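The values are calculated or read from the model by the stated rules, or taken from the named source; none is laboratory data. These numbers were taken from a predicted model, which means no experiment stands behind them. Virtual Cβ from ideal backbone geometry, glycine too; neighbours counted across all protein chains shown. The area values use the complete protein model at the heavy-atom level, side chains included, leaving out ligands, DNA and RNA. Shrake-Rupley method; radii C 1.70, N 1.55, O 1.52, S 1.80 Å.
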Amino acid sequence: MEVTLRQLRAFAALARTGGFTRAAESLHITQSALSGLIKELESQLGVRLVDRNTRRIQLSEVGREFHSVATRILRDLDGALENIDNLKRLRRGIVRIAAPQLMASTLIPEVIASFQQAHPDIQVHLLDCAVENAITQAVRGEVDISIGPHREGLADLAADPLFDLPFMAVFPPGHPLESLPRIRWTDLVRYPLIALQGQFTDRLALDLYRMADIPAIHPSHEVAFMSTALSMVSAGLGVTAGLPYAQTLVDLYGLRMRPLLDPVIRRQFFIYSRLHASPPPATQAFVRHLHEHVGERDWGATAEA
């Protein structure tokens, strides 16, 4: 038995209008086409659904019972199709993002604000956390996308490049670094260095050794969040290194940010999502918006030597 959607809609229209002519008009088909669909449906079911006479039609007892079922099926299907259309047209939807705490307090709020101006019916949920935890959220499927630096061993995630930026020196106003025409890594590490815990410092030390044979760095403080590092720099406890997207927070703390040279060390950040999982339309739209927003930033000029 293969009852079709066209047959169900034809039957529902006939029951609603009480006549073949008006039912056919409501479906924008010919009366003969409508009659054919009703006959096909009755043939499939093996029962008569409509009692016909020369003046009007009425549903049979079986037809009345089947009508309630058909109406419920069509209502549920139309509701589901409307929901899909709303999702597709960005009239509803939720985007779940995990981002490192520094990015979650600088770049991402700006992106969310401009995105929701364009799509006010889309909800955006932001989870701010440590860098490694942000990527883990995508691995677990607890968010739609995560933003973070390159990491090995992420076979279950798709990585979409977002930006590639150089490290910058961050120090208080009036610091000896400010008077230098060019700030080198060897200049920076002369002062107490405040760094992030974990892979941040390990990878940075390895890059410095490989690219410039700079001896192992020994941070005076290691903290979990860059905002803590900036606060400590503001208190005069040392200097730090960060990426240009932190400029707004650097300014908020009244600090200076300058390019770090000899060598120029860069970090590439990616938008991570689960491999082989189709993101919903709202997430796709947010990712496009994020790329556009990042593309409009003048970070290249900020990082010029």
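Results, tabulated for the structure shown:
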| item | result |
| --- | --- |
| Chain lengthening between Arg75 and Ser179 when straightened (0.36 nm per residue, less Cα-Cα) | 30.2 nm |
| Farthest toward positive dipole pole in the chain [+1 Lys/Arg, -1 Asp/Glu at C-beta], among Ala158, Ile122, His291 | Ile122 |
| Packing-based ranking, highest mean first, of 277-285, 232-240 given that Cβ atoms within 10 Å are counted | 232-240, 277-285 |
| Listed residue (Ile217, Gly93, Leu177) projecting farthest to the positive dipole end of the chain, Cβ model | Gly93 |
| Cα long-axis angle, helix 31-45 against the chain (0 to 90 degrees, to the nearest 10) | 90 |
| The stretch 1-88 - accessible surface per residue (Å², probe 1.4 Å) | 65 |
| Approximate spin-label separation Leu45-Ala155, in nm, with each point projected 7 Å along Cα-to-Cβ | 5.4 |
| Farthest positive-ward along the chain dipole, Cα basis, beta-carbon charges - from Val239, Leu255, Thr30 | Thr30 |
| By average C-beta atoms within 10 angstrom, highest first, the peptides 34-41, 216-223 | 34-41, 216-223 |
| Inter-centroid distance (Cα atoms) of the stretch 180-214 relative to the stretch 1-59, Å | 78 |
| Modelled FRET efficiency - R0 51 Å, Ser231 with Gln123, Cβ distances, 0.05 increments | 0.95 |
| Cβ-placed point charges (K, R +1; D, E -1), dipole of the stretch 224-305 about Cα centre in debye, nearest 20 | 240 |
| Förster radius 41 Å - calculated FRET efficiency between Ala113 and Val3 (Cβ-Cβ, nearest 0.05) | 0.25 |
| DSSP-assigned coil residues among GluC sites (Glu not before Pro) in the stretch 55-160, each with at most 13 further Cβ atoms within 10 Å | Glu142, Glu152 |
| Pair Asp213, Gln31: separation of 7 Å Cα→Cβ label points (nm) | 9.7 |
| Estimated distance in nm for a label pair at Arg297 and Ile84, the labels positioned 7 Å out from Cα along Cα-to-Cβ | 3.8 |
| Radius 15 Å from Cβ of Phe225, net charge of other residues (Lys, Arg +1; Asp, Glu -1) | -3 |
| Percent accessible area from carbon and sulfur atoms, the stretch 61-179, protein chains only, probe 1.4 Å | 50 |
| Rounded percent of accessible protein surface that carbon and sulfur make up, the stretch 204-255, 1.4 Å probe | 56 |
